[in-house]
């Protein structure tokens with residue numbers, strides 16, 4: 001079995017058999033991997049404290065011919081994300097990042113840009129950045145990297161500039177329309193403010209984004225995400241509940 005080394009973010013882990021675990025990791029060089037970790041459960045496990053969700057690790061693993069599972073051999077912690085557990089909304093945001101990677105990254109295919117996105121967003125959470133901004137940012141960039149984000153400044157029919165104002169969106173064709181080609185249709189409208197926010201996110205590191213997404217920008221990104229994934233992210237409901245402001249008594 002080939003022995004490989006890589007750097008990765010641990011996304012989730014599942015019990016397997018009596019004492020083993022299966023760990024999903026988004027790696028820098030090999031994309032999404034599922035790894036069998038033998039004897040990982042139990043008080044005397046040699047893996048205790050080494051398989052924290054959202055941790056950045058360096059790992060060595062064996063590929064198994066004709067198997068969807070690799071076998072984890074060694075792991076070294078580079079950066080723990082355990083501190084997020086003290087901030088429920090930040091921890092829930094991390095779970096959204098994990099699910100985005102699991103849904104949008106194909107297994108076994110190099111996805112270094114997606115790895116950098118998840119890694120940088122987790123670091124932003126650890127540094128105290130607003131969890132809602134991090135989730136909004138990750139959702140935009142995930143659909144961008146998946147190839148389902150249309151150009152924000154060009155008409156998908158004629159290629160003409162959309163200018164700086166609001167834009168009409170053709171959901172079926174997944175493209176924006178200029179006023180000429182939007183005539184006669186009842187198209188959803190993306191506001192000028194939403195377009196500015198989206199354009200800023202696509203040119204700014206997550207730690208420098210200062211505002212969460214406008215409501216119509218978030219709704220539009222959700223529509224693009226559902227067009228690809230065909231289901232809503234399970235973790236978003238938990239994140240919304242934990243990040244909502246407390247009710248006034």
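The values are calculated or read from the model by the stated rules, or taken from the named source; none is laboratory data. Because the structure is a prediction, the values reported are computed rather than measured. Heads up, the Cβs are rebuilt from the backbone with ideal geometry, glycines too, and the neighbour counts pull from every protein chain shown.
Is it the case that some residue within region 49-69 is exposed (fewer than 13 other Cβ atoms within 10 Å of the Cβ) and farther than 20 Å from residue 109 by Cβ?
yes
Please give the number of the condition residue 79 fails out of (1) in contact (Cβ under 8 Å) with a residue 12 or more places away in the chain; (2) surrounded by fewer than 20 Cβ atoms within 10 Å (Cβ to Cβ); (3) more than 20 Å from residue 138 (Cβ to Cβ).
Failed condition: (3).
If only one of 79, 64 is farther than 26 Å from residue 126 by Cα and either touching a strand residue (DSSP E or B) at 6+ places or on another chain (Cβ under 9 Å) or at pLDDT 95 or above (or both), which one is it?
Testing whether each residue is farther than 26 Å from residue 126 by Cα and either touching a strand residue (DSSP E or B) at 6+ places or on another chain (Cβ under 9 Å) or at pLDDT 95 or above (or both) leaves just 64.
Which number in (1) loosely packed, with under 13 Cβ neighbours inside 10 Å; (2) touching a residue at least 40 places away in the same chain (Cβ under 8 Å) marks the one condition that residue 17 misses?
(2)
Can we say residue 166 is more than 30 Å from residue 110 (Cβ to Cβ), assigned by TED's automatic domain parsing to the domain that holds residue 93, modelled with pLDDT of 95 or more and surrounded by fewer than 18 Cβ atoms within 10 Å (Cβ to Cβ)?
Judged against the criteria, residue 166 is not a match.
Restricting to region 229-249, give me the number of residues that are in a helix (DSSP H, G or I), in contact with a helix residue (DSSP H, G or I) (Cβ under 9 Å, 6 or more places away or on another chain) and exposed (fewer than 15 other Cβ atoms within 10 Å of the Cβ).
Number satisfying all stated conditions: 3.
Among the numbered criteria (1) modelled with pLDDT of 95 or more; (2) crowded, with 17+ Cβ neighbours inside 10 Å; (3) touching a strand residue (DSSP E or B) at 6+ places or on another chain (Cβ under 8 Å), which one does residue 95 miss?
Of (1) modelled with pLDDT of 95 or more; (2) crowded, with 17+ Cβ neighbours inside 10 Å; (3) touching a strand residue (DSSP E or B) at 6+ places or on another chain (Cβ under 8 Å), only one is false for residue 95: (3).
It is to be established whether one or more residues within region 199-208 are part of a loop (DSSP other than H, G, I, E, B) and over 16 Å from residue 142 (Cα atoms).
Looking through region 199-208, none of the residues is part of a loop (DSSP other than H, G, I, E, B) and over 16 Å from residue 142 (Cα atoms).
Given the conditions (1) farther than 24 Å from residue 14 by Cα; (2) touching a helix residue (DSSP H, G or I) at 6+ places or on another chain (Cβ under 7 Å); (3) surrounded by fewer than 18 Cβ atoms within 10 Å (Cβ to Cβ), which single one is not true for residue 147?
Unmet condition: (2).
Taking the criterion of being closer than 25 Å to residue 145 by Cβ and either part of a strand (DSSP E or B) or touching a residue at least 60 places away in the same chain (Cβ under 8 Å) (or both), would at least one residue in region 44-53 satisfy it?
Looking through region 44-53, none of the residues is closer than 25 Å to residue 145 by Cβ and either part of a strand (DSSP E or B) or touching a residue at least 60 places away in the same chain (Cβ under 8 Å) (or both).
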